[in-house]
Amino acid sequence: MSLEELEAEIKKLDLKDRATLAKWIVESLDELSKSEIEMLWAEEAELRLDEMEQGLVTEIPSEDALRRARAAIS
């Protein structure tokens, strides 16, 4: 399965399942060095910026994002 296919499948998950998956992924990074983790976050930020610039996603206020995230994990 390619990264693009995996990403498409992940986007099909509901918010709570995506949050659980994200937590697991972050926890799995414990084996990486700090610089490796920073590089991965920088790559993710670039991907998200590209998606915004291409009009694939829309921005939401941080308060809304945090409210949704808290609701999904509670």
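Residues to consider are 1, 39; find the one that is in a helix (DSSP H, G or I) and open to solvent by 60 Å² or more (accessible area, probe 1.4 Å).
Answer to the check: 39.
Inclusion of residue 38 among residues that are of a type outside the set (Phe, Trp, Tyr), at pLDDT 90 or above and on the phi < 0 side of the Ramachandran plot is warranted. Across the stretch 25-34, the number of residues qualifying as in a helix (DSSP H, G or I) and either surrounded by 10 or more Cβ atoms within 10 Å (Cβ to Cβ) or modelled with pLDDT of 90 or more (or both) comes to 3. The set of residues from the stretch 1-28 being under 14 Å from the mean Cα position of the chain (by Cα) and of a type in the set (A, V, I, L, M) comprises 3, 6, 8, 10, 13, 15, 19, 21, 22, 25, 26.
Across the stretch 60-74, what is the number of residues that are assigned to a loop (DSSP other than H, G, I, E, B) and either of a type in the set (Val, Ile, Thr) or under 19 Å from residue 14 (Cβ atoms) (or both)? Spell out the reasoning first.
Taking the stretch 60-74 and keeping what is assigned to a loop (DSSP other than H, G, I, E, B), we get 60-61, 74.
When the remaining residues are screened for being either of a type in the set (Val, Ile, Thr) or under 19 Å from residue 14 (Cβ atoms) (or both), the result is 60, 74.
Result for the stretch 60-74: 2.
For the stretch 42-59, a tally of residues being loosely packed, with under 10 Cβ neighbours inside 10 Å and part of a loop (DSSP other than H, G, I, E, B) returns 5.
Of all residue pairs spaced 6 or more apart or on separate chains, those with beta-carbon atoms under 8 Å, a first member in the stretch 30-41 that is aliphatic (A, V, I, L, M) and a second member that is part of a helix (DSSP H, G or I) are 32/40; 37/29; 40/29.
The values are calculated or read from the model by the stated rules, or taken from the named source; none is laboratory data. What you are looking at is a predicted structure, and each value in this text was computed from that prediction instead of being measured. Neighbour counts run over all protein chains shown; Cβ positions are idealised from the backbone, glycine included. Surface areas here come from the heavy atoms of the whole protein model, side chains and all, with no ligands, DNA or RNA. Shrake-Rupley method; radii C 1.70, N 1.55, O 1.52, S 1.80 Å.
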